[in-house]
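First the structure, in the form of structure tokens, and then the observations on it.
Every read-out reported here was derived from the displayed coordinates using simple, explicitly stated rules and does not represent laboratory data. This one's a predicted model, so the numbers in the text were calculated from it and none came from an experiment.
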Amino acid sequence: MKQLKIAFIILSILLFNLCMGSTDFIGYYPKGCKLNNVTAGIAGTCTCIQDVVTHDIWLAVSSESGMSWDSTSATKLGANGWILGINQSNTCGIHTGWKLPTQAQLQMLAGHDIDWFNANGFIGIDPNGDYWGALNNDGKTAFMLNMSLHSGIVYPENISYDDPHAYALAVHYPVTETQFIPPN
């Protein structure tokens, strides 16, 4: 009976950590790259990092700042257009399937402070930034991670919202062989 209680406690802790987003990342691309860790003073060489729990692959850097979700400006790229460009560029050897993060993926990042992002391979995350996610079901809003409120909350935001501190993150769900093209 005591062993069953211990097993239940361990399982509860593991499930809590999984649900609360205690995600850790490893280097993904290029092979053998060093994970960026600003907190420890390590300049990384990874272009992409991988979530060890979900196996999602994330671009280590975000977009440039100041973007709306889907810009109609001829001089300014929206987050949705930025993702299209990543898919066309064979980023990290993956030629299709890059997306803006879902609400659940953004939620896994929410609640972590900037030191956590810096220690997990992300590069240049703005501690006061807003990060675009996928389009909401209503077609008028997209999910957004706001880093400055309580180390990150996720909420729907109008897709025409334009802010100098708005960025985008790119994520790819686990790679299949048909999606991977080794770089030249």
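For the range 43-61 and the range 100-114, write down the distance between their C-alpha centroids in whole Å.
The distance from the Cα centre of the range 43-61 to that of the range 100-114 comes to 14 Å.
Total Lys pairs in the range 30-143 closer than 27 Å by alpha-carbon, pairs eight or more apart in sequence or interchain only?
5
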